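Input: a single structure, listed below in structure tokens.
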Amino acid sequence: MGESSSSVSLDVERISFGGKEHYIHTHHGPVSVAVYGDHDKPALITYPDITLNYMSCFQGLFFCPEAASLLLHNFCVYHISPPGHELGAAPISTNVPVLTVDELADQVADVLDFFGLSSVMCMGVTAGAYILTLFATKYRERVLGLILVSPLCKAPSWTEWFYNKVMSNLLYYYGTCSMVKEHLLQRFFSKEVRGSSHVPESDIVQACRTLLEEKQSTNIWHFLQSINWRHDLTESLKQLECRTLIFVGENSTFHSEAVHMTSKIDRRYCALVEVQACGSLVTEEQPHAMLIPMEYFLMGYGLYRPSQLNLSPRSPLSPTCISPELLSPESMGIKLKPIKTRISLEV
């Protein structure tokens with residue numbers, strides 16, 4: 001990778017949330033990054049799933065007061081949106097080449113270079129989790145830890161590839177039609193919140209449906225094409241040098257993928273948290289279920305909620321190992337519904 005000193009950033013204030021949005025010209029095209037917090041704090045990078053941006057993918061988590069105090073007290077948050085997924089994005093021409101997943105991961109490296117970040121904590125959801133995991137395998141020294149939600153790590157199965165191909169064709173010819181929207185809502189949420197003929201949709205599903213109506217279909221098409229041609233990361237997972245916390249909804253389409261991923265990462269540094277009665281988008285459907293596991297995960301880095309201990313988060317995160325006791329089922333909150341936890345630890 002070359003240096004990103006020639007990158008150009010256009011700032012747009014997001015008054016309602018107090019952050020600033022930067023449009024950064026990377027080696028593989030422009031990317032939007034919304035920044036929240038004190039730049040002197042350790043960096044937390046986020047990356048959303050297909051069709052989503054930081055507002056629609058992480059708003060529930062950051063609006064959960066306890067989670068917000070944990071994350072915003074300890075980190076400066078850099079929300080990266082896939083190309084064309086930022087708020088108010090213009091349509092990407094279908095003549096623009098589709099980026100490979102490796103190029104999307106390299107964009108993340110360019111973002112770090114632009115902001116002068118040497119190493120970061122990463123949080124990604126499904127397709128975004130794949131991009132950040134790939135980034136972590138390519139730039140191992142730059143990733144301190146991974147928090148992944150319903151992650152992908154393998155190449156698409158024939159079933160997933162076929163469904164994505166059908167959705168790509170629908171997006172290309174018909175835009176974000178009702179069939180596309182229903183498929184995406186099934187991807188994100190459990191049937192409990194999607195409603196039925198007798199039960200209305202929940203507010204989060206209604207809000208997501210409205211968002212999908214506003215998205216540029218060609219932009220979704222580009223990211224979907226990239227993800228549908230992703231390669232298998234299974235072998236690369238064995239070389240990961242950071243600790244990993246994986247969340248997956250019990251009813252997630254990608255539940256088996258999360259379990260597979262957990263089994264391939266060094267067992268000393270990986271924990272899997274299954275959230276009951278939840279789909280893939282845990283950050284929106286049940287964000288409160290993420291709090292206790294994240295608290296214990298970040299304790300391994302010397303980070304705490306301000307109500308627990310008034311420590312300064314300005315020093316770099318230390319690479320100390322998480323104590324196995326902190327990843328015990330009791331510590332992770334197995335007795336607290338709706339969480340159940342699978343932990344892999346060396347005997």
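Of the helices (runs of 4 or more DSSP H) lying entirely inside the stretch 223-339, the ones with 2 or more residues being open to solvent by 20 Å² or more (accessible area, probe 1.4 Å), modelled with pLDDT under 90 and within 21 Å of Glu66 (Cβ to Cβ) are found at 329-332.
The sole residue among Thr46, Thr100 that is open to solvent by 20 Å² or more (accessible area, probe 1.4 Å) and modelled with pLDDT of 95 or more is Thr100.
Considered as a group, the residues in the stretch 206-219 that are of a type in the set (D, E, K, R) and at pLDDT below 90 include one that is surrounded by the most Cβ atoms within 10 Å (Cβ to Cβ), and that residue is Lys215.
Residue by residue, here is whether (1) among the polar types (S, T, N, Q); (2) part of a loop (DSSP other than H, G, I, E, B); (3) surrounded by fewer than 17 Cβ atoms within 10 Å (Cβ to Cβ); (4) modelled with pLDDT of 90 or more holds:
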{"site": "Thr133", "(1), (2), (3), (4)": "yes, no, no, yes"}
{"site": "Thr137", "(1), (2), (3), (4)": "yes, no, no, yes"}
{"site": "Pro151", "(1), (2), (3), (4)": "no, yes, no, yes"}
{"site": "Ala155", "(1), (2), (3), (4)": "no, yes, yes, yes"}
{"site": "Val166", "(1), (2), (3), (4)": "no, no, yes, yes"}
{"site": "His183", "(1), (2), (3), (4)": "no, no, yes, yes"}
{"site": "Ser197", "(1), (2), (3), (4)": "yes, yes, yes, no"}
{"site": "Ile204", "(1), (2), (3), (4)": "no, no, no, yes"}
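Residue-level analysis places Glu192 outside the set of residues that are open to solvent by less than 40 Å² (accessible area, probe 1.4 Å), acidic (Asp, Glu) and in a helix (DSSP H, G or I).
Looking only at residues in the stretch 25-41 that are touching a Phe, Trp or Tyr at 6+ places or on another chain (Cβ under 6 Å) and surrounded by fewer than 21 Cβ atoms within 10 Å (Cβ to Cβ), the one that is farthest from Val125 (Cα to Cα) is Lys41.
Entry remark, the stretch 62-88: residues being small (Gly, Ala, Ser), on the phi < 0 side of the Ramachandran plot and crowded, with 19+ Cβ neighbours inside 10 Å number 2 in total. Taking the conditions exactly as written (in contact with a strand residue (DSSP E or B) (Cβ under 7 Å, 6 or more places away or on another chain) and at pLDDT 90 or above), does Thr26 satisfy them or not? Here the answer is no, as Thr26 does not meet what is asked.
Scan the stretch 79-136 residue by residue and report those that are more than 21 Å from Thr176 (Cβ to Cβ), in contact (Cβ under 8 Å) with a residue 60 or more places away in the chain, of a type in the set (Gly, Ala, Ser) and touching a Leu at 6+ places or on another chain (Cβ under 7 Å). Ser119, Gly124, Ala129, Ala136 - these are the residues of the stretch 79-136 that are more than 21 Å from Thr176 (Cβ to Cβ), in contact (Cβ under 8 Å) with a residue 60 or more places away in the chain, of a type in the set (Gly, Ala, Ser) and touching a Leu at 6+ places or on another chain (Cβ under 7 Å).
Taking the criterion of being under 19 Å from Cys242 (Cβ atoms) and surrounded by fewer than 21 Cβ atoms within 10 Å (Cβ to Cβ), the residues of the stretch 114-127 that qualify are Leu117, Ser118, Ser119.
The values are calculated or read from the model by the stated rules, or taken from the named source; none is laboratory data. Because the structure is a prediction, the values reported are computed rather than measured. Cβ coordinates were reconstructed from backbone atoms using ideal geometry, including for glycine residues, and neighbour counts include every protein chain displayed. Note: areas computed on protein heavy atoms with side chains; ligands, DNA, RNA excluded. Shrake-Rupley method; radii C 1.70, N 1.55, O 1.52, S 1.80 Å.
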